[in-house]
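Report on one structure; see the data block that follows.
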Amino acid sequence: MDSNHLGPAQGGEPEVDAGVWRSQLPPDSRHRIVNSIIETLKRHIPVSGPEGLNELRKIAVRFEEKVYNAATSQSDYLRKISLRMLTMETKSGTFTALPSVSGPVSSNQP
């Protein structure tokens, strides 16, 4: 058992099958999840041009790969992705802009 793992997943999946879920994941699922992450990032990090979009894609791919490799089951994978996206949605405004932004972001609320 992995020394970083504190116990079985909350979903109740047995640890013996920890790697099997990856082979059962539909091939286009990871691409759709990366695209969803990119869309979430685009709502919170202003970018312009293909360079900015490419940076968002790199961020999304790295994040998805990290979660994919660390997850113990498909439900664990989806839960971790969902929690991070939810956190991003609820903490909007705390992100820094990428270098290729079109200008400073200001909040002009009355």
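The values are calculated or read from the model by the stated rules, or taken from the named source; none is laboratory data. Predicted model only: the values in this text are computed from it and were never measured. Methodologically, a virtual Cβ is constructed for each residue, glycine included, from the backbone with ideal geometry; neighbour enumeration extends over all protein chains shown. With ligands, DNA and RNA removed, areas are computed over all heavy atoms of the protein, side chains included. Shrake-Rupley method; radii C 1.70, N 1.55, O 1.52, S 1.80 Å.
Could you tell me how many of the residues in the range 58-70 are over 18 Å from Asp28 (Cα atoms) and either modelled with pLDDT under 90 or touching a Leu at 6+ places or on another chain (Cβ under 9 Å) (or both)?
Residues of the range 58-70 over 18 Å from Asp28 (Cα atoms): 59, 70.
Then keep just the ones that are either modelled with pLDDT under 90 or touching a Leu at 6+ places or on another chain (Cβ under 9 Å) (or both); that gives 59.
Residues in the range 58-70 being over 18 Å from Asp28 (Cα atoms) and either modelled with pLDDT under 90 or touching a Leu at 6+ places or on another chain (Cβ under 9 Å) (or both): 1 in total.
Which pairs do you get when a residue that is within 29 Å of Gln24 (Cβ to Cβ) and among the acidic types (Asp, Glu), found in the range 75-95, comes within reach of a residue that is at pLDDT below 95 and open to solvent by 70 Å² or more (accessible area, probe 1.4 Å), reach meaning Cβ atoms under 9 angstrom, with the pair 6+ apart or on two chains?
Asp76/Gln10; Glu89/Arg43
Would you pick out the residues in the range 58-73 that are open to solvent by 70 Å² or more (accessible area, probe 1.4 Å) and over 10 Å from the mean Cα position of the chain (by Cα)? Please lay out each step first, then the result.
Within the range 58-73, the first condition is being open to solvent by 70 Å² or more (accessible area, probe 1.4 Å), and the residues that meet it are 58, 62, 65-66, 69.
Selection gives Lys58, Asn69.
Of all residues being in a helix (DSSP H, G or I) and surrounded by fewer than 13 Cβ atoms within 10 Å (Cβ to Cβ) in the range 1-19, which is modelled with the lowest pLDDT? Just the residue, please.
The first filter runs over the range 1-19 and keeps only residues in a helix (DSSP H, G or I), leaving 15-17.
Checking which are surrounded by fewer than 13 Cβ atoms within 10 Å (Cβ to Cβ) leaves us with 16-17.
On the way: Val16: 46, Asp17: 56.
Among those residues, the one meeting the criterion is Val16.
Considering only the range 41-57, state which residues are under 18 Å from Arg30 (Cβ atoms) and either at pLDDT 95 or above or open to solvent by 90 Å² or more (accessible area, probe 1.4 Å) (or both).
Just the residues of the range 41-57 that are under 18 Å from Arg30 (Cβ atoms), to begin with: 41, 56-57.
Correct list: Arg57 only.
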